[in-house]
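Structure first, commentary second.
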Amino acid sequence: MWNSSKETMVLVDFSQNSLTGFEQQPAVIPWRFLKYFHLSSNKLQGSLPIPPPSTIIYDARNNGLTGAIPPLMCQKNSLGMLDLSNNHLSGTIPPCLATSSEDLQMLNLSGNSFHGNIPSTFTMNCPLLMVDLGQNQLQGPVPRSLANCAMLQCLVLQNNQIEDTFPSWLGDLPKLELLSLGSNKFHGAIWHPRNNSMFPKLRIIDISCNCFSGKLPTEYICNWNEMKLFNKENLTYMHANQKVQYQTHARHLALSTYTELQYDYSMRVVSKGVYRLYEKIQSALVVVDLSNNTFVGNIPESLGSLSGLQLLNISNNKLTGAIPSSLAKLTKLESLDLSQNLLSGQIPRQMTQLTFLSIFNVSHNQLTGPIPQGKQFDTFDNSSYDGNLGLCGVPLSKSCRNSMTSPPPPLIFRGHDLEFSSGIYWMVIALGYGSGLVVGLVIGTTLTTRNHEWFVDTFGRGKKFQKKKKCKGRRT
């Protein structure tokens, strides 16, 4: 098979089988004019097969390949798409991958064990549309040379050990739609954007599970204009097309033809503490995940302007204040997680308007009052409200009627040297029963009269209340 087709083989697809390897190790593919080489979803082991420089599409994802990316991969090549995701590859990412091809549009090395820094060799006018380096052990900062990739639509760096502040300069990329930085070591506050045109196309952002601090990035939220739209028409999936042109021979004539590959973008999103894989991303999907950081302050009202939002997760922070009623404007919202914060006040009744809401979690806050009833709120169980002792109503066993009719605390009047409450009357009367009903009534009447005289003297003449000094060593 190797020898008989060295000069003629153009397209090879071995995907979706149970192949375990090649006879030759390391496998250097001898097909000189190979354009399309598809090995995905097999059981390949050993080192990575080396395609010829003519290869445009090389897909070896979902196998058991091991070792480093061989230096031969850095030969001057024609790669337009390289997908080596979900293998056991290790070592560092060769810097030449970003410079050896002037046509590379899709680079996916996720789900391996690559370590070291991300190469900083992305050249001017690089044609990359998608870079996925997630689920590795990469370190260091996000390379500033990525700013040269003006066509970049999708950048996934989640689940690494990247240590950096928020890379606000990525906001200058005019076509960036998906930014995933979750589960790294990003830190510090997210400062104000330089201008109002940062991240003009952003629809999906995940910065969860980092060490970001300060207030939520309100100014950025106001600029996320693409999240304010929802186009019901022409719904597609986020993808890139790679065209492969080659020659075939028929009746001694060379014919030019081509095939086209649609490469779908993918991502992982945390839902109820579990990563969910989106193998395809709908073009209208809008996601904001700011969870598991140390953000403080109030939830900004401006979140309610992101009318296309479908998933919102700001759980596990230190947010305070009330839940803004503006969230009721997010009529496309399907998942809302505000749990593990310090939120107070009531759950806005307007949120019953969110008829697409299937996941709702406000557990472990300091919320009070009745739980809204009707529509989607009739489908949420107790776990949505755990850890809020002040909440009442269905589905909780605590009745709002009982909590509202509980007796108020006794009134306490404070004077210059006297504290008096209604409870003292009953103490005096109880003492009276011990030594005689008449004596008790006399004492009670006397104290009542004196307290009444003091009350009239203090409030009747317009005197100001004087604060009593705190008593030490006893409760009053």
Spatial separation of Cα centroids for region 160-194 and region 98-130, in angstrom: 18 Å
As straight-line cross-link partners of Lys375, the qualifying aspartates and glutamates (C-alpha separation under 19 Å, not fewer than 8 residues apart within one chain) are Glu334, Asp337
Rounded, prolate or oblate: which fits region 157-198 when a ≥ b ≥ c are the square roots of the eigenvalues of the alpha-carbon gyration tensor, with rounded for a/c under 1.5 and prolate only if a/b beats b/c? oblate
Where a ≥ b ≥ c are the square roots of the eigenvalues of the C-alpha gyration tensor, would you call region 44-163 rounded, which needs a/c under 1.5, or, failing that, prolate if a/b is larger than b/c, or oblate? oblate
Under a crude label model (7 Å from the Cα following the beta-carbon direction), how far is Gln282 from Met124 in nanometres? 4.3 nm
Difference of contour (0.36 nm per residue) and Cα-Cα distance, Ser113 to Val28: 28.3 nm
For region 77-171, what does the relative contact order come out to in percent, with C-alpha contacts under 8 Å and a separation of six or more? 25 percent
Using the Cα centre of region 1-87 as the reference point, and only Cβ charges (+1 on K/R, -1 on D/E), how large is the resulting charge dipole? Debye, rounded to the nearest 20. 120 debye
Whole angstrom only: what separates the Cα centroid of region 326-393 from the Cα centroid of region 1-24? 56 Å
Just how large is the dipole of region 64-191 about the Cα centre, in debye to the nearest 20, putting +1 at every Lys and Arg Cβ and -1 at every Asp and Glu Cβ? 140 debye
Per the C-alpha gyration tensor (a ≥ b ≥ c, the square roots of its eigenvalues), region 1-98 is rounded if a/c is under 1.5, else prolate if a/b beats b/c, else oblate; here it's oblate
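Values quoted throughout were computed directly from the atomic coordinates according to the rules given, and no laboratory measurement underlies them. Since this is a predicted model, take the numbers as computed values, not measurements. So basically every Cβ, Gly included, is an ideal-geometry build from the backbone, and we count neighbours across all protein chains shown.
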